[in-house]
Structure formats: C-alpha cells, structure tokens
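Just so you know, all these numbers are worked out from the coordinates, no wet-lab data involved. What you see is a predicted model; the values in this text were computed from it and never measured. For neighbour counting, all protein chains shown are included, and Cβ atoms are generated from backbone atoms with ideal geometry for every residue, glycine included.
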Amino acid sequence: MSESKRFIVSSSPHVGSTLFTQRIMIHVCIALTFCMIAGTVLYGFYSLFLVLLAVLSAVGAEALYCVIRKKPLTIWDASAIVTGMIVGLNLPPTAPFYLPIVGSVFAIMLVKMLFGGLGKNFANPAATARVFLLLAWTTKMTAFINPLDYAGGNVSAGDFFSFRFIVDFANKANYVTGATPLAGIKADAIAGLGSTEVNLLDLLLGNVGGSIGEVCAIAIILGAIYLIVLKIIDWKIPAVYLTSCALFTLIFYKNGWNYILPNLLSGGILFGAVFMLTDYASSPNTRWGVIIYSAGAGLITMLIRRFGGMNEGVSFAILLMNLLVPLIDKACRPKPFGYKKPPKKKKGVEA
Amino acid sequence: MRLKTFKFGIHPKDMKELSHDCKFEEMPTGEKVYIPLAQHLGTPASACVEVGDYVKVGTKIGEASSYVSCNVHSSVSGIVEGFVLRENAMGKRIRHVCIANDGKYEEDFLPPLENPTREELVARCKECGLAGMGGATFPTHVKLENKNPIKALIINGSECEPYITTDYRLMIDKSQEVLEGIRYLAKAIGAPEIWIGIEANKDDAIEEMLRVTAGDNSIKVFALKTKYPQGGEKQLIYALAHQKVPAGGLPSDLGFIVLNISTALAMYEACALGKPLFSRYMTVSGKGINRPANIWVRFGVPFVEIVDYLGYRDDVQKVISGGPMMGVSLHSFMPVVTKGSSALLLLIEEEIRAVDPTTCINCARCANVCPMGLMPMMTDALVLKNMIKEIKPYNPLSCIECGCCAYVCPAKRPLVQSQRLAKKLIRERKL
C-alpha cells in the first residue's frame, strides 16, 4: 500500500499519438529541403544563402516579437523555420540579400505574430510576404536567370560559390538572365496559338528560370510524397487544386490540353499546391471546405495566368482564398452523425 | 469477407498483447468489501440491510430506488459492519456498504429459470441488478423493457478500447455460457435476429463464436474492421446495419438493442444459475503492473488489493479505471470494483501523453477523425472564450466523448474536456 504516491489525474483520453506540432514542422522542413537542395544545385550557393538568411530572419523576428511583447518564446515549435524556408524559396535566385530579411520579418511579425501567432494567422504568411515583395520590388522579384549550365560543362566551383549577384551578375557570361516558361506560355496564349513550345523534361528537372524552390518539379513531388505518406498534409488539397488548374486551363486556352502540362509544371503551381495552400491555419477545417477552397484557388490562378496582367497568379490565388476560409468553413460546417433536419417553421411564427 | 465498419475514427496501438493470453484467475477477496450503492447510471439504490445483519453471497443489500436504478447484492457472506463514505472512481464521496468477509461464501441465490417467458426474463434481469458492463452501466432491464418493435439484438464484442481483453477472453473461454446468455437476452426483448460484431484483430474469438453458433440461422457473427471507436453504440449499429441513430435518439428507435459480452454472461448466470450480479471479469493491465492478468473479482474489493496481489512498478504515472480512451484516471488505489469496472490500468510514462497542451495549429485532424462529424477545435476555442451560445451550431451535445480528437491532436489539447465543459454549460444555461 502506498497512499502517498502521486498519480496524474486528467480528463480522458489518457493515451495519444506521437505526432506533435514540432514534429510536423520538422517534417515539413525536411520536405522543403528537397526543393532547397534542387535550387542550390541549379542556381548556385547564393540561393542557399538566401534561404538560410530568410530562415534566420524569420526565427529572429519571432524571438524578437516574443521578447518585446514579453511572451513565452515560441520559436521551438519550428514553425518560423518553415515560414522562413518558404519565403526564401519563393525568391528569385538573383534577389538582393535584404529581400529575404524584409520578407521574413513581414511574414512573421505582421501576418503571423500580430494576429496571435501559430495557427491564428488569417493568411499564409509566406504567400503574403511574397505578394508584398512582388509589389514593392517588382523588378527585383522578377529578375530570373537561367540555371548553371551543367550540360555545357561550363560550371566551375567559383561560379557555384560566387556571391556574384551582390556585385554584378550581368557581367558574367554564364548567367544569362532568362525569361520564365510562364512568359512564353502567356505570349503563346495571347497570340491565340493552339500549343506552346516548352520542354517538359526541363520543367521536371528545373532547367528553367524561376524562383529558387519552384523550378524543380521532381523535388517538389518528392516532398509532396513525403508529406502525404506521413499524413502531414491533406492530399485532397494539392489533388483538387491541380485538377482545378488543369480543368480551367482546358476551358480558358485554345486547344487547352496542349497547355495543361506546361501550365501545371511551370511557375509556382506545384510548390503552392504542396507547401502553401496546405498551410493549416489558413486552409479550411471542413471536408467540403477544403475542396471548395482548392478548386477556387485553381480558378483564380488560371484567371490571372490567362487573362491577368501578370504571368504568375499562384500567391494571389492563395491569398484570396485564404481570406474566404472563415466563410467557407461556416458554410460547410458538418452535420453531426444522425442529424435530422428540424421540421420547417411556419412563416410568421418565428417573430 | 469484407469487414464492416463506420466512417472516420482512429487506430490506436491496441496493447492487447499484454494480457490477451492470460486465462481468467480468481482474485482472492480480502477481509472486508465495500460495496457502493451507486454502481450504475441513474439513481443510487437504497440500502435494505442494517448494521449487524448477516448477509450471504447474493443477498440483496440495496433496492432499486426508481425505474432507472439497479438492485445491489452482497458479494461475500458475513456481517454488515456499517455504511461508510468512500471515494468512487469519479472522485465523488458516496455511501458504501462495508461487509466483513467471513470467508465461508455461503450462497443465497435465486432458483434457476426453466423455459422462462419474456416477462420472467426481464423480471430476473431486474432482480439480479444487471447493468451494462462495458463501462456505462446503464440498467439492462430498462433496455429490455422497451416498447419499440425490435429487429435485432446486437452483441458488442468489438472491445475497441486498447489494453482491455475481458470480452475477448470470455468469448473464447466461456463461449457456451455467453451464447446462452445472448439467447436469454434475445428472448427477453423479442428479437428475431442476433448479430454479434467482433473486431477483426480478435480472430480466435470470431472463430470460436462461429463454431458455437454454427447451425443457428438466427445468429450472425460479423467481423468488424479494427478501428476505434468500433464498439460505440452508434458506430456499431452503423457498421452492421448502415443506419444512423438519430441525434438525441436511442438505438431502439431503429429497432436495435446493443448489449455487450459481459452483460450476456451476467444474464446467463442470472437465469441459468440464479446468480445475482455480484462479481465480474476484468482486465488488469498496463506496463506498470508486474503481472498483467484477466481476473474474476467480487464487487467491493478495493483496487489496492488487486494491485498488491499482482504487483506494480514504482514509476506508475497514471491509474485508470476503464480503458485508456474513455476511462477515468484515479488519484489513488482506494476505489473499489463495481459493475462498470471493465479494466484497471497502470500506465508508465512511455504509455501516456503527459505533455502540456500548446496552441491549436488549426490542422483539422480532430474534425477529420471525429466519428460524430463534429468540429472539436471550434468547441475548444469557443468554450475557453466563454462564448457558449456560439458553440451550439457545433453540436457538442452529439459528442460521445470517445477521445479520438484529443488522441490525434498534435498540440495535445484536452479537446474532450472542452466538449464536456461545453455540454455542461449548455445544459446549465438551458441554451
């Protein structure tokens, strides 16, 4: 008999899954690492530097916020790392070093922490930061270059490690500023052509101009498989989003089927579908809500890509749908098991 | 055979390997037993013995005080020493009848029933104080006496809670008795069909039940998918009949009555042997117990005697009466075995979730696993803000408190507690 023993007393259930918030965030970081590696290989060491800078500023911004507001330090849940990585991967490889800092601080301070921190942000912090940077530094955010020319054998260690963009990248012959495939697709679509000239293999490997994390479709798909197998993200969001994008490509473009794969594999659609649209806090919590949200994002993306003034519309689409999430969730509130419609009230009785 | 199941739910580690091979053993009874007068749902029984009375095993010591109440019987023979206030598993101080055990176990049983009629069976069930022995302890005679026409009696052999192996052992070791009990129950409610649902991880039990029921066309044995909460009444009916019990309604509205294996065995003992309900089979398990076991134990035996008998480790962190998903955690070993004690679990640190809750990350895992189609994260957020009126559309009253939401929550928020709080506040404020 041991009367003095202390046992934990709590409400049921007494057992739980081993998946914790921190672990989820680390899994997402691992999935993002695929894209980070791909980006580094494609565009050189400076890309990695940009992403790490974004991560450091994001974590620093959150720590600073906690210190200023005298709140418990929340950086250990690793969510700031995820936000920082996504901000960094959304930058073009030529971005000046202050862009990741401004972007991350904006994402963490304004979008995340001011609205209550983890899980309370009304919109995806990284998407908001990207849109902010895009509007504030439009030319710098769209200064894309072609990847290092591995096939031509012109890549030296010096090229790979050079911090060339800080100084002057235009002087180096190897780094030709390049148009993204999106620009080509858009031009073809506006010209009313029934097909577009894009090398799909290049799109898969990422041998094109674009943002650091977005270009290599294979890396993104690997990350997506990792997250879906571990059930970190809801597979329905990318699936419905991609289907919706494909469907609206079919509708909006002349001979739409020729545009489906070029559209899906270029630009930020894949990256957005896997890492940004699936953000927990800013995606719906209801089963049907998730489907409406992803389908709606697909519609807006394709509207902007086909008819809008910009080549890319993914972050705008994500942001717009984020703002609709509370409404969608309210409309899609699930009926409880065994729910029966209450008998209709007669008019006039209610008052 | 395609496994029958319900929608959503979770797959917790079942941990049944700790005790599923342990045959039942009789737990020795100590010098005194403390039998609570409230062992069931509904009003407590009123004592019908006086201090100093000599009672035998099976002597009625508490009389059902209303319709939804149960008789209580002595589990030992000896002198009634008095009425004491003791804490029950819920932490409430209630009256227990203290009986000094004289060790003779003289029996005071009822005569066995031969070819009983429906009314006799219900009367016997009431007299013997049967209550649902899965944990909710709803008086069985109330279920048997319902007025709706019954399509089928559903026997719940799913035992979906982790750790517990009582019903599994009963289906294997006492299959004949269980089957007889099931037949008595079916006769008592006038059910033309009997469906027995057993989770697929208990394949020996399925085989054994198929063997003993072979040749009887009115009994069907179904294999159910191993998923929690497969044994929830509404989930079980949905799995077997694909019908949804209306919110706020009872299974009998659809023509079903759900009873579990232990209750069937108690019915057999009450009718064929005349034994009132004074003992039960239970599982004692968890990594904190030295020797996990399935035991036969008399009511009123304090848990401390059981754990001393089987031995336990020093680093036990949590003691649970019932299963780990829906059971009640105890702060001491003082509560006693009652009609609803399906298990006693002693868990150590690696088995429990003893981390502080962090902020909700809105991942929607809770809503995605909820078998009742609720949104626990909304109830949690609103109840903490005291916005009780706004909770209503999220239907916390439909919650069956199965614990799936809190199990999967990566922030480890006490979502079930919030649901309970919301229910209580809604009822109190009559919203």
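Numbers at a glance
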quantity: Dipole magnitude of region B:209-356, debye to nearest 20 (Cβ charges: Lys/Arg +1, Asp/Glu -1, about Cα centre); calculated: 480
quantity: log₁₀ of I(q)/I(0) at q = 0.08 Å⁻¹ - region A:21-331, Debye sum with one point per alpha carbon; calculated: -0.33
quantity: Shielding of B:315-328 by partner chains, average beta-carbon count, 10 Å; calculated: 4
quantity: Rel. contact order, % - alpha carbon contacts under 8 angstrom, at least six apart, chain A; calculated: 18
quantity: Computed over chain B: relative contact order in percent, which uses C-alpha pairs under 8 Å that are six or more apart; calculated: 19
quantity: Total charge dipole magnitude, the protein assembly as shown, about the Cα centre, Cβ charges on Lys, Arg, Asp, Glu only, Debye to nearest 20; calculated: 2940
quantity: Evaluated over region B:365-428, the Cα radius of gyration and Dmax, each in Å; calculated: 10.3, 31
quantity: Å³ per residue enclosed by the Cα convex hull of chain B; calculated: 140
quantity: Net charge of neighbours whose Cβ lies under 14 Å from the Cβ of B:Arg291, counting Lys and Arg as +1 and Asp and Glu as -1; calculated: 0
quantity: Efficiency of FRET between B:Ser46 and A:Lys330 - r from beta-carbon atoms, R0 60 angstrom, step 0.05; calculated: 0.75
quantity: Inter-site label distance for B:Glu87 and B:Glu31 at 7 Å from Cα along Cβ, in nm; calculated: 2.4
quantity: Isotropic mean projected area of the C-alpha convex hull, region B:189-280 (nm²); calculated: 7.4
quantity: Average beta-carbon neighbours from other chains, 10 Å sphere, peptide B:402-412; calculated: 5
quantity: Chain B: DSSP helices with Cα axial extent of at least 27 Å and average Kyte-Doolittle hydropathy no lower than -1.0; calculated: none
quantity: Between helix A:45-68 and chain A: long-axis angle, C-alpha atoms, 0 to 90°, nearest 10; calculated: 30
quantity: Of B:Lys32/B:Lys339; B:Lys220/B:Lys275; B:Lys147/B:Lys423, those spanning more than 20 Å from alpha-carbon to alpha-carbon; calculated: B:Lys220/B:Lys275; B:Lys147/B:Lys423
quantity: Positive dipole terminus of the protein assembly as shown, leading residue within A:Ala31, B:Ile155, A:Gly289 (C-beta point charges); calculated: A:Gly289
quantity: Inter-part distance where region A:46-123 and region B:58-81 are each reduced to a Cα centre, Å; calculated: 67
quantity: Loop-located GluC sites (Glu not before Pro) in region B:65-109, at most 14 other Cβ atoms within 10 Å (DSSP); calculated: B:Glu106
quantity: For region B:261-319, the Rg and Dmax computed from alpha carbons only, in angstrom; calculated: 14.2, 45
quantity: Rg and Dmax of the protein assembly as shown, Cα atoms only, in Å; calculated: 32.3, 106
quantity: By average C-beta atoms within 10 angstrom, highest first, the peptides B:261-274, A:76-89, B:170-183, B:219-232; calculated: A:76-89, B:261-274, B:219-232, B:170-183
quantity: Percent RCO, i.e. relative contact order, over region B:365-428, from Cα pairs under 8 Å lying at least 6 residues apart; calculated: 39
quantity: Proximal lysines relative to A:Lys70, as straight alpha-carbon distance under 25 Å, when same-chain residues fewer than 8 apart are discounted; calculated: A:Lys112, A:Lys120, B:Lys385, B:Lys412
quantity: Inter-centroid distance (Cα atoms) of region B:210-226 relative to region B:262-333, Å; calculated: 28
quantity: Antiparallel DSSP beta bridges within the protein assembly as shown, as percent of all bridges there, nearest 5; calculated: 60
quantity: Nearest 10 degrees, 0 to 90: helix A:125-136 Cα axis against chain A principal axis; calculated: 40
quantity: Charge dipole (region A:1-85, unit charges on Cβ, about Cα centre) - positive-most of A:Val55, A:Thr40, A:Thr18; calculated: A:Thr18
quantity: Net charge contributed by nearby residues that have their C-beta within less than 12 Å of B:Ser175 (K/R +1, D/E -1); calculated: -4
quantity: Other protein chain Cβ atoms within 10 Å, averaged over every residue that makes up B:331-342; calculated: 2
quantity: Structure-based [θ]222 nm, chain A - -39500 (n - 2.57) summed over DSSP H runs of at least 4, per residue, nearest 500; calculated: -16500 deg cm²/dmol
quantity: Projected-area mean, region B:222-375, by convex hull of Cα positions, square nanometres; calculated: 12.4
quantity: Proximal lysines relative to B:Lys227, as straight alpha-carbon distance under 16 Å, when same-chain residues fewer than 8 apart are discounted; calculated: B:Lys4, B:Lys7, B:Lys13, B:Lys16, B:Lys202
quantity: Highest average packing first - A:329-338, A:8-17, B:334-343, Cβ atoms within 10 Å; calculated: B:334-343, A:8-17, A:329-338
quantity: Positive-end residue, region B:58-171 charge dipole about Cα centroid, Cβ charges, pick of B:Phe138, B:Thr166, B:Leu110; calculated: B:Phe138
quantity: Simple label model, 7 Å out from Cα along Cβ direction - A:Trp257 to B:Asn217, nm; calculated: 5.6
quantity: Only Lys, Arg (+1) and Asp, Glu (-1) charged, at Cβ; region B:365-428 dipole about Cα centre in debye; calculated: 100
